[in-house]
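The values are calculated or read from the model by the stated rules, or taken from the named source; none is laboratory data. Only a predicted model underlies this, so the values are computations on that prediction, with no experimental measurement involved. Note: ideal-geometry Cβ built from the backbone for every residue, glycine included; neighbour counts use all protein chains shown. All accessible areas refer to the heavy atoms of the entire protein, side chains included, with ligands and DNA or RNA removed. Shrake-Rupley method; radii C 1.70, N 1.55, O 1.52, S 1.80 Å.
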Amino acid sequence: FGLYTVGLREAGRFSLADKDEGGGLEQSVWHLLESLFQHRIYRSPQVVNGNKVRELTDVLAASDYGIFLIESKAMAVLNTSKEQITSRRAKNIESQIRKALRQLVGAIKSVQQGLQIVTQDGQEIEINRELLPHAIVLLSEMHSAIDFNSITAELFKTQIESRAMFHIVDLRELYFTRS
């Protein structure tokens, strides 16, 4: 038994009990944004640096107004103890935010350096590199116990150093923004 999603360019089957919670979050992001960006949204685009090819980010979208690099972070639900204390859960989310910020800084550098970006099947992706990059940390859930003072300070520092806009949103916020 499974659920199916159908989009403009992609259809897929997924299971709510799938152990790859991150993949499910990426698929959700894709389907929420696909109609907005239509043929200018790419899942797991690759960056080519010499002979090395690696994932640029989870989702890349482009418009006439900006470049959007999205790093999704799913907080484990299926493999997490129900007894996990609130402060531990908040620390895990903070750690995932910091990890996503580092990944996005690297992705933005690749874009700004003019490295070739390709789809998973090798098709070159054309983007206007003169546009302001928006780096988005997308969480499966936000938590009120997060130390937002330290996260905000890190966010501003990262923005200034990268010359890009950084955003942290959760899936529910993205969903209701689109509705």
### Query
Is the stretch 106-177 rounded, prolate or oblate when judged by the Cα gyration tensor, a ≥ b ≥ c being the square roots of its eigenvalues, rounded requiring a/c under 1.5 and prolate requiring a/b larger than b/c?
oblate
#### Entry: Dipole in debye (nearest 20) - the stretch 134-175, about Cα centre, beta carbon charges: Lys, Arg +1; Asp, Glu -1
160
### Query
Ignoring ligands, DNA and RNA, how do Leu174, Leu132, Leu56 rank by accessible area with a 1.4 Å probe, largest first?
Leu132, Leu174, Leu56
### Task
Grab the other residues whose beta carbon is less than 14 angstrom from that of Gln103, score K and R as +1, D and E as -1, and report the net.
+1
### Message
Using a 1.4 Å probe on the protein heavy atoms, what percent of the accessible area of the stretch 105-173 belongs to carbon and sulfur?
### Response
49
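Summing Lys, Arg as +1 and Asp, Glu as -1, what charge do residues with Cβ under 13 Å from the Cβ of Leu132 carry, Leu132 excluded?
Details: positive: Arg129, Arg163; negative: Asp64, Glu130.
In short, 0.
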